[in-house]
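K.L.:
Sharing a structure, written as structure tokens. Questions coming.
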Amino acid sequence: MVAIDTMMAARAQLTSAYLLHADEPALIETGPSNSLANVIEGLAQLGIGPDDLAHIVVTHIHLDHAGGVGRLSARFPKATVWVHDRGAPHLAHPAKLVASATRVYGEQRLHELFGPVDPVDPKRLRPVSEGDRIRLGDRTLDVMYTPGHASHHISLVDSETGALFTGDALGIHLPDVRVLRPATPPPDVDVELAVNSIERIRRRAGPVLMFSHFGPVDEVDELCTVAARRWKRWAGIVREAMDETDDVDRIGDILATQVSDEFEPVAGQGADTGRYEVFGSMRINAMGLVRYWNKRAEREQPAPTPASPGAPPHRTPEDRGGRSS
Ligand SMILES: [Zn+2]
């Protein structure tokens, strides 16, 4: 397999696509529309022309991973498009997905970062879930359902090498910085599910984890431990900050300050740590975790019964400064 640098946001080693050489060649992740020219060029250099690509698989539908899938699939008309079944309707009809991302990023930033989002022809979409197997001829990609970062997130295991494509399930790990950071954007981050997915990835992984952001990492056990610990730590910090303030900007600042020590051992050695902020600022991570805690509080609040007409009103995400995306 080969990583193709999408050069998203004109930055190297930020967002990758992967080509699996197989009887039926498969691309994992497309990157956004804005950087498709680099992906198409990368595929051409690897000998994959418009009629050669048989499969496109995306770990989830966030625009940095799959924003370009509609446009790319039009250029590679023989490719079947695989995505988790909860994500499939949004690839066929991206309006809601784009609206949700616009609420997170704002219109201008969304356009700069990702570009247009074209629909995928529904006839070419194949929804998958836990335990499904994508057959590529001489090898397969086994599908793990790994929610947490997103409710429709899958990870993929290459039958030939045991390499496990993690998408954003653990977080972001850039090869020159070598720091694992959770990615917790709205709208459907779930900390328990994420930690559970990370533990399942730990048990299932072969020798290497393939990060979408960015590249292979072979310290599988160590990284899963760090990822689970940081997910819980970040969630705890945001929970405490919410007792102090409803202002999500302020909560983002508190989170950024308190977790800045995670860069300590490596920072200041010339690596561009600002790349971690390109598609997921700490404000956006804070927004996702605030929304998670508010949803959890609503879930745990007992439904009012006729015997207790004076039950206090629910606090909605909007009350706490969250987003209703
Ligand atoms: Zn994502």
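K.L.:
Is it true that LEU125 is within 16 Å of the ligand (Cβ to nearest atom) and free of Cβ contacts under 8 Å to residues at least 60 places away in the same chain?
P.N.:
no
K.L.:
Could you check region 180-204 and list, in sequence order, the residues that are β-branched (Val, Ile, Thr) and surrounded by fewer than 20 Cβ atoms within 10 Å (Cβ to Cβ)? Can you show your working first?
P.N.:
Of all residues in region 180-204, those β-branched (Val, Ile, Thr) come to 184, 189, 191, 195, 198, 201.
Within region 180-204, just VAL195 meets the criteria.
K.L.:
If we keep just the residues of region 155-176 that are within 12 Å of the ligand (Cβ to nearest atom) and out of contact with any Lys or Arg (no Cβ under 8 Å at 6 or more places or on another chain), which is nearest to ALA228 (Cα to Cα)?
P.N.:
Ranking the candidates gives LEU170 first.
K.L.:
Take PRO119 and decide whether it is farther than 16 Å from ILE28 by Cα and in contact with a helix residue (DSSP H, G or I) (Cβ under 9 Å, 6 or more places away or on another chain).
P.N.:
On the way: farther than 16 Å from ILE28 by Cα: yes; in contact with a helix residue (DSSP H, G or I) (Cβ under 9 Å, 6 or more places away or on another chain): yes.
Yes, satisfied.
K.L.:
The conditions are (1) within 16 Å of the ligand (Cβ to nearest atom); (2) modelled with pLDDT of 95 or more, and PHE214 fails exactly one of them. Which is it?
P.N.:
If we test PHE214 against (1) within 16 Å of the ligand (Cβ to nearest atom); (2) modelled with pLDDT of 95 or more, just (2) comes out false.
K.L.:
OK, next. Can you work out which of the residues in region 145-162 that are surrounded by fewer than 24 Cβ atoms within 10 Å (Cβ to Cβ) and of a type in the set (Val, Ile, Thr) is nearest to ILE61 (Cα to Cα)?
P.N.:
Looking at residues that are surrounded by fewer than 24 Cβ atoms within 10 Å (Cβ to Cβ) and of a type in the set (Val, Ile, Thr), I get VAL157.
K.L.:
If the Cβ limit is 9 Å and pairs must be 6+ apart or interchain, which residue in region 150-162 that is touching a residue at least 12 places away in the same chain (Cβ under 8 Å) and assigned to a loop (DSSP other than H, G, I, E, B) pairs with which residue that is within 11 Å of the ligand (Cβ to nearest atom) and of a type in the set (Asp, Glu)?
P.N.:
Every condition considered, the pairs that remain are ALA150/ASP168; ALA150/ASP188; SER151/ASP188; HIS152/ASP188; HIS153/ASP168.
K.L.:
Quick one: would you say VAL69 is of a type in the set (A, V, I, L, M), within 14 Å of the ligand (Cβ to nearest atom), in contact with a strand residue (DSSP E or B) (Cβ under 8 Å, 6 or more places away or on another chain) and over 22 Å from LEU209 (Cα atoms)?
P.N.:
The answer is yes for VAL69.
K.L.:
Which one of the conditions (1) surrounded by fewer than 20 Cβ atoms within 10 Å (Cβ to Cβ); (2) within 16 Å of the chain's Cα centre (by Cα) does GLU240 fail to meet, given that it meets all the rest?
P.N.:
Answer for GLU240: the failing condition is (2).
K.L.:
Of (1) of a type in the set (Ser, Thr, Tyr); (2) part of a loop (DSSP other than H, G, I, E, B); (3) at pLDDT below 95, THR30 satisfies all except one. Which?
P.N.:
It is condition (3) that THR30 fails.
K.L.:
Go through region 269-325 residue by residue and tally those that are of a type in the set (Asp, Glu), modelled with pLDDT of 70 or more and surrounded by 11 or more Cβ atoms within 10 Å (Cβ to Cβ).
P.N.:
Residues in region 269-325 being of a type in the set (Asp, Glu), modelled with pLDDT of 70 or more and surrounded by 11 or more Cβ atoms within 10 Å (Cβ to Cβ): 3 in total.
K.L.:
So LEU14 passes all but one of these: (1) under 17 Å from the mean Cα position of the chain (by Cα); (2) more than 14 Å from the ligand (Cβ to nearest atom). Which condition number does it fail?
P.N.:
LEU14 satisfies all of (1) under 17 Å from the mean Cα position of the chain (by Cα); (2) more than 14 Å from the ligand (Cβ to nearest atom) except (2).
K.L.:
Separate question: For region 209-250, name all the residues that are touching a Pro at 6+ places or on another chain (Cβ under 8 Å), within 26 Å of GLY131 (Cα to Cα) and in a helix (DSSP H, G or I).
P.N.:
Of everything in region 209-250, those that are touching a Pro at 6+ places or on another chain (Cβ under 8 Å), within 26 Å of GLY131 (Cα to Cα) and in a helix (DSSP H, G or I) turn out to be VAL220, ALA227, TRP231.
K.L.:
Of the residues that sit in region 177-208 and are outside any loop (DSSP other than H, G, I, E, B) and within 16 Å of the ligand (Cβ to nearest atom), which one is farthest from PHE165 (Cα to Cα)?
P.N.:
Keep residues of region 177-208 that are outside any loop (DSSP other than H, G, I, E, B), which gives 180-181, 191-204.
Cutting the leftovers down to within 16 Å of the ligand (Cβ to nearest atom) gives us 180-181, 191, 193-194, 197-198, 201.
Numbers: LEU180: 15, ARG181: 17, VAL191: 20, LEU193: 18, ALA194: 15, SER197: 13, ILE198: 12, ILE201: 10 Å.
The selected residue is VAL191.
K.L.:
Another question, then. When you scan region 106-116, do you find a residue that is touching a helix residue (DSSP H, G or I) at 6+ places or on another chain (Cβ under 9 Å), in a loop (DSSP other than H, G, I, E, B) and either buried (at least 20 other Cβ atoms within 10 Å of the Cβ) or of a type in the set (Phe, Trp, Tyr) (or both), even just one?
P.N.:
Within region 106-116, not a single residue is touching a helix residue (DSSP H, G or I) at 6+ places or on another chain (Cβ under 9 Å), in a loop (DSSP other than H, G, I, E, B) and either buried (at least 20 other Cβ atoms within 10 Å of the Cβ) or of a type in the set (Phe, Trp, Tyr) (or both).
K.L.:
Related question: May I ask you to say which residue of THR80, THR30 is touching a residue at least 12 places away in the same chain (Cβ under 8 Å), of a type in the set (Val, Ile, Thr) and either more than 24 Å from HIS153 (Cα to Cα) or within 16 Å of the ligand (Cβ to nearest atom) (or both)?
P.N.:
Of the residues listed, the single one that is touching a residue at least 12 places away in the same chain (Cβ under 8 Å), of a type in the set (Val, Ile, Thr) and either more than 24 Å from HIS153 (Cα to Cα) or within 16 Å of the ligand (Cβ to nearest atom) (or both) is THR30.
The values are calculated or read from the model by the stated rules, or taken from the named source; none is laboratory data. None of the values given here were measured: they were computed from a predicted structure. Ideal geometry is used to build each Cβ from the backbone, glycine not excepted, and the neighbour counts take in all protein chains shown.
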